[in-house]
Each structure stands twice: as structure tokens, then as C-alpha cells.
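The values are calculated or read from the model by the stated rules, or taken from the named source; none is laboratory data. Small disclaimer: the values here were computed from a predicted structure and weren't measured. Glycine gets a Cβ as well: all are built from the backbone with ideal geometry, and neighbour counts include every protein chain shown. We work out accessible area using only protein heavy atoms, side chains counted, and drop any ligands, DNA or RNA first. Shrake-Rupley method; radii C 1.70, N 1.55, O 1.52, S 1.80 Å.
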Amino acid sequence: MPTREQKQNKTFAEKLLRIQGKDYEEWLDAQHQLVIQGNQELILEALDSKLNFKSSVTASRD
């Protein structure tokens, strides 16, 4: 649950973005995309690890 300060920060950000002619939800989505793009290597490693784990489990059953 967000703190009072976090709620206030969100309100400030929403108003500042509105003044700049930007939509908060679109801006937030862009921030999410930046986090994902900045962590693509980690995401790919996790996916590869999952695939390798699945492969080893399947192979051990054979």
C-alpha cells in the first residue's frame, strides 16, 4: 500500500506531466519498457535457465 509521500509524489508527477502535455499512463508504460529493455540480458538468462531446467527434467525421465 502506497505511503502518503508516495501518493503525493504520484500526484505531483501526474500534474507535471499534464503540464508538459504528456499522459501519465503512457509515460508510466514507457518507464516499464525502459526497465524491461535495460534488463533484457537478465530476462534471456532466466528464460534460458528455465528451458535448460525443463530439458534436464525431461531427459532424466527418459
>> With a 1.4 Å probe and all protein chains left in place, how much of the accessible area of the chain comes from carbon and sulfur atoms, in whole percent?
In response: 55
> Residue by residue, what Karplus-based ³J(HN,Hα) values in Hz, rounded to whole numbers, does region 7-20 have, using 6.51, -1.76 and 1.60 with θ = phi - 60° and x for Gly and Pro?
Replying inline: 4, 5, 4, 5, 4, 4, 4, 4, 5, 5, 5, 4, 4, 7
> Calculated from DSSP H runs of 4 or more alone, at -39500 (n - 2.57) each and per residue, what is the 222 nm mean residue ellipticity of the chain, nearest 500?
Replying inline: -29000 deg cm²/dmol
>> Suppose we look only past 13 Å in the calculated P(r) of the chain. What percent of the Cα-Cα pairs does that tail hold?
In response: 75
>> At R0 = 22 Å, how high is the FRET efficiency between R4 and Q31 if r is their beta carbon distance? Nearest 0.05 is fine.
In response: 0.50
> With every protein chain left in place, what is the accessible area per residue of the chain in square angstrom, probe 1.4 Å?
Replying inline: 95
